1. For Lys229, list the lysines whose Cα falls under 24 Å from its own Cα; do not include residues on the same chain fewer than 8 positions away.
2. Hey, which lysines would be in cross-link range of Lys50, C-alpha to C-alpha under 18 Å, not counting anything within fewer than 8 residues on its own chain?
3. Applying 1/(1 + (r/R0)^6) with R0 = 30 Å to the Cβ-Cβ distance of Thr285 and Ser187, what FRET efficiency is obtained, to the nearest 0.05?
4. With an 8 Å cut-off on Cα pairs and a minimum separation of 6 or more residues, tell me the relative contact order of the stretch 194-272 in percent.
5. When you count, for each residue, the other Cβ atoms within 10 Å and take the mean per peptide, how do 136-142, 199-205, 232-238 rank with the highest first?
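Derivation of every value follows stated rules applied to the coordinates shown; laboratory data play no part. What you are looking at is a predicted structure, and each value in this text was computed from that prediction instead of being measured. No Cβ is skipped: glycine too gets one built from the backbone with ideal geometry, and neighbour counts run over all protein chains shown.
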Amino acid sequence: MIGFLLRRLLWFAITLWIVVTVSFFLMRAVRGGPFDGERTLNEAIERNIKARYHLDWPILKQYFQYIGPFNLDERGWFGGDGTRPFGGVLTGDFGPSFKYRDFTVNDIIAQSLPVSVSLGMVALMWALTLGLTTGVLSAIYRGRGVDVALRLLATAGIALPNFVIAGFLIILFVFELDWFPVAGYGSLRHLVLPGFALGAPFAAYIARLTRTGMLEVLSQDYIRTAHAKGLAPRLVILRHALKGGLLPVVSYLGPATAGILTGSLVIERIFAIPGTGSHFVNSATNRDYTLSMGVTILYTVLVYSLNTLVDFAYTLLDPRIRLEES
């Protein structure tokens, strides 16, 4: 257990360093900058702004300052005079936003991440509830009409973009039935429709994976033995088959949960939800280097952490799997 965690921690540090490094240099390689806009700044003003954020430094020097905690200035690499816009990633400081001048990246993430998490939890509940139920029923009634109908429904969920699903939901439940508000954020009722639209494609994938896993488990000898002992079919499914059938789903849930929790730009825009996804895309279009890097690092941490939790969940579902072997 300890060796597994230490190896994961080491690979986490290496992965995060690679992501930060590649993202940093790719972002600087794109034409344009955070202070380019429709209104041309006076050269002296633009020069002072770049000096304030040290964007006039050589690119390698900017990189070491962003990583931190190095104290750099124009006169040397280390030592410096203490004039730095932020402490660096290693100190947990992602720096000021270049576009939202009154906010730091930490402030923006702190405000938007809980919103995306709330939306993501609702979407994950929809995805798990619909996906697991549909997958199990499809496996139990394999080859029958129920199986065919549920597989067609899952295929439609995979094929339809979430913004198309969102459009149908708004027309039906907002304009026709008037059951839910069309947009905004403030209560659970505001999250039901966007949560369903965001979770529907994930529910379709979970249904397919659950069906595949259940069909494989139901053909095992110990399942036939349980039936031969006279156990009720419901007990065989819930007590013996379900745990093994969920293994493919657990593997998928790591990156899927990270993708859900970081929010969806399209869904957040359609329903006017102020989540992290909107800020991420806005940071790319605005060349907001620090905000884009902050959200990228956040996504990396989520993916890696959730995949580690998946490995632990594997040992709970199947005792034959050892962490040291994964």
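1. Filter leaves Lys243.
2. Lys61, Lys99
3. With R0 = 30 Å, the Cβ-Cβ based efficiency is 0.50.
4. Values: 43 pairs, mean separation 36.0, N = 79.
Across the stretch 194-272, relative contact order equals 46 percent.
5. 199-205, 136-142, 232-238
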